[in-house]
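What follows draws every value from the coordinates through simple rules; no lab data is involved. Keep in mind the model is a prediction, meaning the values are calculated, not measured. With ideal geometry, Cβ positions are generated from the backbone for all residues, glycine too; neighbour counts draw on all protein chains shown.
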Amino acid sequence: MPRPTAKDRAAQARIAAALASAGFALPGTILERRIRCGKSGCRCSGDPSQLHGPYYQWTRKVNGKTVTRLLSAAQMARYRSWFENARQVRSLTGELEALSLDIAESAEDWG
């Protein structure tokens with residue numbers, strides 16, 4: 001069994017505490033899009049152009065398939081912190097995996 005150092009255990013405890021304090025999290029990717037409609041005389045075709053939007057596009061995987069949903073500005077405002085929480089959870093999980101890999105590699109002399 002690998003023997004993590006006190007520094008390793010402190011890092012794991014910091015990551016676990018941060019994960020424990022995470023709020024609700026929505027997975028996926030958010031794109032903020034501004035588009036040009038192509039109609040002549042529209043403000044989006046002027047100089048300088050004033051593009052339409054923003055339009056928020058939420059994409060995620062459900063049962064191995066990509067699902068995309070358009071969100072209103074109000075929905076984006078309501079759930080923005082949930083998307084940020086998901087990003088933080090992914091980052092913390094990556095840190096924990098990297099720490100675990102370092103410990104296992106040093107214990108097994110895989111490096």
Original post:
Assuming R0 = 41 Å, what is the FRET efficiency of Thr5 and Ser45, from their Cβ-Cβ distance, to the nearest 0.05?
Top reply: 0.10
Subject >> Tail weight of P(r) past 20 Å, computed on alpha-carbon pairs of the chain, percent >> reply: 62 percent
Original post:
How far is helix 6-20 tilted off the main Cα axis of the chain, in degrees rounded to 10, range 0 to 90?
Top reply: 40 degrees
**OP:** Determine the gain in length on full extension of the stretch Thr29-Ser81; use 0.36 nm per residue of separation and subtract their C-alpha separation, reporting nm with one decimal.
**Re:** 17.4 nm
**OP:** Please sort by residue number the trypsin sites (Lys or Arg not before Pro) in the range 28-97 whose DSSP state is loop and whose Cβ has at most 14 other Cβ atoms within 10 Å.
**Re:** Arg36, Lys39
Original post:
Which of the aspartates and glutamates could be linked to Lys39 by a straight reach, that is with a Cα gap under 16 Å, when you skip same-chain ones fewer than 8 residues away?
Top reply: Asp47
Subject >> Over the chain, relative contact order from alpha-carbon pairs under 8 Å, at least 6 apart, % >> reply: 31 percent
Original post:
Nearest 20 debye, what's the magnitude of the dipole of the range 54-111 about its Cα centre given +1 on Lys and Arg Cβ and -1 on Asp and Glu Cβ?
Top reply: 900 debye
Subject >> Loop-located chymotrypsin sites (Phe, Trp or Tyr not before Pro) in the range 30-111, at most 12 other Cβ atoms within 10 Å (DSSP) >> reply: Trp110
**OP:** Considering the options Gly38, Val89, Ala11, tell which one lies farthest towards the positive end of the dipole of the chain, charges being +1 on Lys and Arg and -1 on Asp and Glu at the Cβ, about the Cα centre.
**Re:** Gly38
Original post:
Expressed as a whole number of Å, what is the distance separating the alpha-carbon centroids of the range 43-111 and the range 6-35?
Top reply: 11 Å
